[in-house]
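A quick write-up on the structure given underneath.
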Amino acid sequence: MSKGPPTLRLDRLLANLGYGSRREVQRLAVMGLVTLDGTLLRDSDQRIAVTPDLSSRMTVDGEPLDPPPGLVLMMNKPTGVTCSHKEPPLVYSLLPDRWRDREPAISTIGRLDKETSGLLLLTDDGALLHKIISPRSNVTKRYDVTLDRPLKGTEDKIFASGEMMLESEKTPLLPAKLEVVSPTRAYLTLTEGRYHQVRRMFAAVGNHVTALHRDRVGGLTLPVDLPLGQYRILNEKDISSVLSAP
Ligand code: URA
């Protein structure tokens, strides 16, 4: 027998989406503010099949339900916000307030530095998060790098060697691909994500990164029409493109 979608009690579903405590969301249902397929749901014990299309079928206080669990987002991260849950200003402050109370919580898939902009993925799906960041998945990340000084011309070979060592690290970096755009601009594609890796790689070859922007993760490219600070919900096709080669 095939397994159907997971089900949740109505009050648990709404409380987990941040609509309030179990008691508060029970009150929303009693007040006739929750509908499914156009029918009022007054009974909070009722189990709801949590399907990806729930937001188009369910309303709370006249508004479509927030995206159900299994949410994956891409954000065009601006500089000046952190991927931490503790050091404000947080990237999470760019999401709707209610989403900060969701259970499971939304987390970034990997991190970008405070001063790095560009494609940042976020999800409440822990298994997917681990799959994308696992070294076994080999998900590439491409960075658009602006430099303080002109490239010397030897950086591509050093980065691709698989022998480059960063200070206070015990293992060499995996080969990385450098594509030169101009004397002070290049794309760098990595398959790993060590602390401040791009900035440290250029510092190790005597240069300094003045601007860093990630424009691709796996086969997913940041859309040019997604403004800084904005986000978009990913569909199944986008998610599988993250895990496929660019
Ligand atoms: N490398 C860096 O130095 N910073 C980032 O944010 C990502 C990669």
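The numbers here are math on the coordinates, done by the rules we state, and not lab data. Note that the coordinates shown come from a computational prediction; the quantities given were computed from them, not determined experimentally. Neighbour counts run over all protein chains shown; Cβ positions are idealised from the backbone, glycine included.
One table, with the values for the structure above:
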read-out	value
Sites Glu169 and Asp37, calculated FRET efficiency, Cβ-Cβ separation with R0 51 Å, nearest 0.05	0.35
Region 163-246: GluC sites (Glu not before Pro) in DSSP loop, at most 16 other beta carbons within 10 Å	Glu163, Glu167, Glu169, Glu192
Selected from Arg12, Arg57, Arg142 as most flexible by GNM, with the chain as the system and alpha-carbon contacts under 10 Å	Arg57
Gained length - Lys237 relative to Arg149, 0.36 nm times residue gap less alpha-carbon distance	27.7 nm
Of Lys131/Lys152; Lys3/Lys141; Lys131/Lys170; Lys3/Lys86; Lys114/Lys177, those spanning more than 29 Å from alpha-carbon to alpha-carbon	Lys131/Lys152; Lys3/Lys141; Lys3/Lys86
FRET E, pair Leu226, Asp61, Förster distance 25 Å, beta-carbon r, rounded to 0.05	0.30
Cβ-placed point charges (K, R +1; D, E -1), dipole of region 7-64 about Cα centre in debye, nearest 20	220 debye
Region 140-217: relative contact order as a whole-number percent, Cα under 8 Å and 6+ apart	46 percent
Relative packing of 123-129, 36-42, which averages over residues the other C-beta atoms within 10 Å, highest first	123-129, 36-42
Sum of -39500 (n - 2.57) over DSSP H runs of 4+, divided by residues of the chain (222 nm, nearest 500)	-5000 deg cm²/dmol
Size of electric dipole in the chain: Cβ of Lys, Arg +1 and of Asp, Glu -1, about Cα centre, debye, nearest 20	420 debye
Lys/Arg +1, Asp/Glu -1 at C-beta; the chain dipole; positive extreme among Ala186, Pro172, Leu121	Pro172
